[in-house]
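FYI, it's all coordinate maths here, none of it is from the lab. The structure displayed is predicted, hence computed values, not measured ones. Every residue, glycine as well, gets a Cβ built from its backbone with ideal geometry; the counts of neighbours run over all protein chains shown.
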Amino acid sequence: MHRFFVAPECFAGDRVVLPEQIAHQIRKVLRLRAGAAIVVLDNTGCEYEVLLRQVDRQQVVGEAVAKRPCPNEPSVYLTLYQALMKRDKFEWVLQKGTEIGVSHFVPLVTQRSLVQDIDIKEGKQLRWEKIITEAAEQSRRGCIPSLHPPQTLAEALAAQPPQPGLIAWEEADGLTIRGVLGDGERPSHVSLFIGPEGGFAAEEVAAAQEAGLKAVTLGKRILRAETAALVASALVMHELDII
Ligand code: SAM
């Protein structure tokens, strides 16, 4: 069944009026008719089974016939602090990270980031949010991951990232993600820091460790930054997300 996130205001009791962009997709792209069933999500973690009652040029209206908690949200809240990279690679991380289970993205400006501009244009923010929303719909998430405005690494560390915090560093002394997460109590939040194409500077890693983060290895081979983000996110999910 096709899935769509809408704002909670679209609901009035059981009646849901689909916003224009989704209405257009339903009518013109998917060519659904009255009587078809879709899934609508209001980004609170619940999903509604909706039967389309009116599909015409004026509006697309549905009736919610069932409501249930979405079973697909990860059981750990993963914040991915990702150093800014070239546009296509960064957007790839947003899309695939959403599929894997990241709940919150924080774009980072680090010493060696190719992109040093902390102010992003509104158009880019909207484009990134659209990529995340579509990936959340496609991967059957119950909530859309949130996107923080870009920060410097120093700002992110000063804001005290949720612990346990991991910083992937190719010179880490052999500590693995399993080594940090595999023992003891299962944490509800994890922070994961991934560097830019040129990697983190040693003093950045020292500052992160000072802030309580653990430097972890992702293995003997050096991964591209976008590969590292997805491998490390998947390893966190593998350790902590109950299937
Ligand atoms: N400049 C580094 C070099 O050439 O040796 C490579 C940096 S790597 C392309 C980009 C980021 O991915 C790193 O900052 C780190 O966060 C992560 N990364 C890649 N491979 C890793 C590994 N084997 N262990 C830990 N982190 C890794």
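Take every Cα-Cα pair in segment 3-69 and report what % of them are more than 15 Å apart.
42
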Self-check item: Rounded to 10°, Cα long-axis angle of helix 87-100 versus longest principal axis of the chain
Solution: 70
Practice problem: May I ask you to derive the FRET efficiency for VAL231 and VAL65 from their Cβ-Cβ distance with R0 = 41 Å, giving the value to the nearest 0.05? | Solution: 0.50
Quiz item: What is the distance, in nm, between label points placed 7 Å from the Cα along the Cα-to-Cβ direction at LEU114 and at ALA12?
Solution: 5.0
Quiz item: When the chain is fully extended, how far beyond the present Cα-Cα distance does GLU49 get from GLU20, taking 0.36 nm per residue of separation?
Solution: 8.5 nm
Self-check item: Degrees separating the helix 225-240 axis from the principal Cα axis of the chain, which is the longest one
Solution: 80
Exercise. Kindly provide the trypsin sites (Lys or Arg not before Pro) of segment 63-160 that DSSP labels as loop, not H, G, I, E or B, and whose Cβ sees at most 13 other Cβ atoms within 10 Å.
Key: LYS121
Self-check item: Cα-centred dipole magnitude for segment 77-240, charges only on beta-carbon of K, R (+1) and D, E (-1), debye, nearest 20
Solution: 480
Quiz prompt | Helix 122-138 axis, angle to the chain major axis (alpha carbon atoms, nearest 10°) | solution = 70
Exercise. Compute from the Cα atoms of segment 58-192 the Rg and the Dmax, the latter being the longest Cα-Cα distance, and quote both in angstrom.
Key: 17.1, 62
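Using DSSP, restrict attention to beta bridges with both residues in segment 1-116 and report what percent are antiparallel, rounded to the nearest 5.
If I count the DSSP bridges inside segment 1-116, around 70 percent turn out antiparallel.
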Exercise. With an 8 Å cut-off on Cα pairs and a minimum separation of 6 or more residues, tell me the relative contact order of segment 72-134 in percent.
Key: 40
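What is the dipole size for segment 3-69, taken about its Cα centre, with +1 at each Lys and Arg Cβ and -1 at each Asp and Glu Cβ, in debye to the nearest 20?
Dipole about the Cα centre, nearest 20: 320 debye.
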Self-check item: Globularity ratio of segment 118-243, using Cα Rg and 2.2 N^0.38 Å
Solution: 1.11
Quiz prompt | Positive-end residue, the chain charge dipole about Cα centroid, Cβ charges, pick of VAL216, CYS46, GLY35 | solution = GLY35
Self-check item: Qualifying lysines (Cα of each under 23 Å from Cα of LYS89; at least 8 residues distant if same chain)
Solution: LYS121, LYS124, LYS130, LYS220
Quiz prompt | Cα-projected label distance for GLU210 with GLN125, points at 7 Å along beta-carbon direction, nm | solution = 3.0
Quiz item: Given the options GLU226, GLU134, GLU203, which has the most mean-square fluctuation in a GNM of the chain, springs set between C-alpha atoms less than 10 angstrom apart?
Solution: GLU203
Quiz prompt | Relative contact order computed over segment 89-243 (Cα-Cα under 8 Å; 6+ residues apart), in percent | solution = 31
Exercise. Subtracting the Cα-Cα distance from 0.36 nm times the residue separation, let me have the gained length for ARG31 to ARG57 in nm, one decimal.
Key: 8.1 nm
Self-check item: Whole-number Å³ per residue for the convex hull built on Cα positions in the chain
Solution: 135
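Taking a temperature of 10 °C and a viscosity of 1.306 mPa s, what whole-number D in µm²/s does Stokes-Einstein yield for segment 1-113 with Rh from Kirkwood over alpha carbon pairs?
Details: Rh = 16.1 Å.
Translational D for this selection: 99 µm²/s.
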